[in-house]
C-alpha cells in the first residue's frame, strides 16, 4: 500500500516490536516522519528509517504522555497521525474470573484502555488547534467476540471499540477522524510464548483456535494491518471515514500478491462459526496451512 504522507508527523505507541513496529515502518516508508515510542528501547526499530525517531514512553504515566506530546508538537510543529497500539495481555493468569487476580487486571486495563485514553486526550488537543488529524486505535477481535480465560484483556479491548466510536463522534467536527482496527491472532514474540512456539504455554490449543481462522494460521505483523490504512491516514478534502472498525482474521492481500486472502466477509463467517461452536471449513485448494502443521517458523 502506498499513500503520500510526505510532511506528515506520526506517533506510534508500542513501536519497539511486533505490530507497532510494522505500522511505524510502513508509515515511514510512505514518507511520514515517525516517532517510535515504547517502554522498551525503540531505537533499533526507529534506526531502520531516516525518518524514524525513538522516544521512551510509558502510556500509563500521565506526565510522560503530556511531555512526549508536547515535545513532538514543539520539535516538529504538528502531529498528524496517532496510532494507539501499545497493549499487554497476561502471560500466566489464564483462569476464570472467580480466580482472576486483581494484580493482573489493573496493569492490563491501565495500558490497553486508560493508556489509550491518555494518549488520545493529549494528542486531540494538539490536533484541534492545528485543524485536524487522524487517530487509529488498535483493538482486537476479542473486543468484538469475547474469549475465555482472559477477562481483563477482553474488557479492555471491548472498551477500546466503543471508546473509538465515542471519540469519532466527539472529534469529527474538528477534522479529527478516529478509526479502529481489530486484528486476529498475530505471530509476535508474545504469541510465540503463548501459542506458536515449540515450548508455548498453550501449544496444544493451537489447532482448535486456528480452526476458526480462514487461512488456518496467524497473521504476520508486516502484513496484517495495512489494508485499512489506505483511507484513515490520507488527508484530503473528501476524507470522511470515521468510527469505522476493520477486522483482520488473517493477513489481508497485499498489492501484487497472488495469495487468496480472507476478506472481512470471511471474517464475519468465522465469527458466526465461533458463536455457533462450529469451526469454519477451509477450501480444499489454495495456500492455506493445516493448523496441525503450523509452527512459529512457518512462512
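The values are calculated or read from the model by the stated rules, or taken from the named source; none is laboratory data. Computed from a predicted structure; not experimentally measured. Every residue, glycine among them, receives a Cβ derived from its backbone with ideal geometry; neighbour counts consider all protein chains shown.
Somewhere in region 75-91, is a residue modelled with pLDDT of 95 or more, part of a helix (DSSP H, G or I) and over 17 Å from the mean Cα position of the chain (by Cα)?
yes
Out of curiosity, is residue 134 part of a helix (DSSP H, G or I) and under 30 Å from residue 7 (Cβ atoms)? Walk me through it before giving the result.
On the way: part of a helix (DSSP H, G or I): no; under 30 Å from residue 7 (Cβ atoms): yes.
The answer is no for residue 134.
For the condition out of contact with any strand residue (DSSP E or B) (no Cβ under 7 Å at 6 or more places or on another chain) and either assigned to a helix (DSSP H, G or I) or modelled with pLDDT of 95 or more (or both), what is the one hit in 95, 72, 59, 68? Full working, then the answer.
Working: 95 fails: either assigned to a helix (DSSP H, G or I) or modelled with pLDDT of 95 or more (or both); 72 fails: out of contact with any strand residue (DSSP E or B) (no Cβ under 7 Å at 6 or more places or on another chain); 68 fails: out of contact with any strand residue (DSSP E or B) (no Cβ under 7 Å at 6 or more places or on another chain).
After applying the criteria, what remains is 59.
Looking for something at pLDDT below 95 and in a loop (DSSP other than H, G, I, E, B) - is there at least one such residue anywhere in region 5-22?
yes
Being over 22 Å from residue 99 (Cβ atoms) and assigned to a loop (DSSP other than H, G, I, E, B) is the filter here; which residues of region 137-163 pass it?
The answer is 139, 140, 144, 145.
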